[in-house]
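Bear in mind these aren't lab numbers, they're just calculated from the coordinates by the rules spelled out. Since this is a predicted model, take the numbers as computed values, not measurements. Cβ coordinates were reconstructed from backbone atoms using ideal geometry, including for glycine residues, and neighbour counts include every protein chain displayed.
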Amino acid sequence: MKETDARVIADHPLDRPVWSALTGRQSAFACRNSLALRFRPVVSPLAAAMDSSAVALAALHDLAGEDEELWQLEKDPGPIPAGMELVREAACVQMTAHSVTAGRAVSGAVRLGENDAEDMLALATLTAPGPFRVGTYQIGGFTGIRHEGRLVAMAGERTKPGEFTEVSGVCTHPDFRGRGYAGFLMREVTSAILDRGETPFLHCYATNQSAITLYESLGFRVFQQVMARVIRRGTACSGA
């Protein structure tokens, strides 16, 4: 166990951002057992085992409800836990920024919170910016744009590993794309993170070159590649 502990400590916070966040600044949002952690289900399906050992992966399995999906996001997620199945996985680039470029201002931006939770979930469900739950707003500052009372764009924060903070939940309703909302909101969120003395980062599918180009125009640069993996625990009679 000492060797395992040393390896975990030696990891860069962004190698295993979910583990780093839930053992650090976002520990209040964690459901845990001895060797695995996950965000509370109402907040996010993101989860992580302490390492890739069989006993730690078994602990991750035990944090999932029957037929429930968990999301792993790390440099090397290791084997699929026994008793779980791979739903899908994809390579992602992890990008960081140390400054943000100037851009065109957009009027109508508002802070989002508890009263906006259902609207945020509806927009995320429509546009699929990544895993999003009705309580996701709790883990980071979200900013949105409303048009005639309707939430049409948003961006916010997600994991907070070490001194890094993730820009996430960036989405725009299809009827309102092409107006610069995503770039404006990302600049707002990124600037707020930088103003706190933290380093913004984000994830993007490695095949999504148009998004990578957009993020580079905002000041982000590729840091490393990680894997996004969705795994699901079967029912009690489905296997080991």
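Here's how it looks for H173: its modeled amide H is under 5 Å from those of A153, which are all 5 or more places away or on a different chain. Ordering A155, V43, Q225 by Cα displacement along the dipole of the chain toward the positive end leaves A155 in first place; charges were set at the Cβ atoms of Lys, Arg (+1) and Asp, Glu (-1).
Note on percent of Cα pairs over 22 Å apart: of the candidates (i) 53; (ii) 64; (iii) 60, the value calculated from this structure sits at (i).
Using a simple spin-label model with pseudo-atoms 7 Å out from Cα toward Cβ, R88 and K75 lie 2.7 nm apart. One chain, two ends: N33 and H147. Fully extended at 0.36 nm per residue, the span grows by 36.7 nm beyond their Cα-Cα distance.
Couplings for region 103-109, taken from phi via the Karplus curve 6.51 cos²θ - 1.76 cosθ + 1.60 with θ = phi - 60°, read x, 6, 6, 10, 7, x, 6 Hz in order; Gly and Pro are left as x. Distances between placed amide hydrogens fall under 5 Å for F201 paired with T165, E166, V167, all partners being 5 or more residues away or on another chain. In terms of the mean number of neighbouring beta-carbon atoms within 10 Å, the peptides 47-55, 145-153 order highest first as 47-55, 145-153.
Annotation: amide H of T101 within the under-5 Å range of G219, sequence separation 5 or more or interchain, hydrogens built in the peptide plane. Against the main long axis of the alpha-carbon atoms of the chain, helix 209-218 sits at an angle near 60°. Candidates V167, Q209, T199 compared by Cα position along the dipole of region 163-216: farthest toward the positive end lies Q209, with charges placed on Cβ.
Taken about its Cα centre, region 71-212 carries a charge dipole of about 380 debye when Lys and Arg each add +1 at the Cβ and Asp and Glu each add -1 at the Cβ.
Each peptide in 129-137, 84-92 was scored by the mean count of other Cβ atoms within 10 Å over its residues; highest first, the order is 129-137, 84-92.
Where a ≥ b ≥ c are the square roots of the eigenvalues of the C-alpha gyration tensor, would you call region 32-89 rounded, which needs a/c under 1.5, or, failing that, prolate if a/b is larger than b/c, or oblate? Don't skip to the answer; put the middle values down first.
Numbers: a/c = 1.28, a/b = 1.15, b/c = 1.12.
Rounded shape, in that the Cα axes give a/c under 1.5.
Taking every DSSP bridge with both residues inside the chain, close to 90 percent are antiparallel. Going by a ≥ b ≥ c, the root eigenvalues of the Cα gyration tensor, does region 76-157 fall in the rounded group (a/c under 1.5), the prolate group (a/b larger than b/c) or the oblate group? Verdict is oblate for region 76-157. Averaging the sequence gap over all C-alpha pairs within less than 8 Å and six or more residues apart, then dividing by the number of residues, gives region 1-123 a relative contact order of 18 percent.
Helical runs assigned H by DSSP (4 residues or longer) give the chain a calculated mean residue ellipticity at 222 nm of -7500 deg cm²/dmol, each run adding -39500 (n - 2.57) before division by the residue total. Using only side-chain charges placed at the Cβ, +1 for Lys and Arg and -1 for Asp and Glu, the dipole size of the chain relative to its Cα centre rounds to 400 debye.
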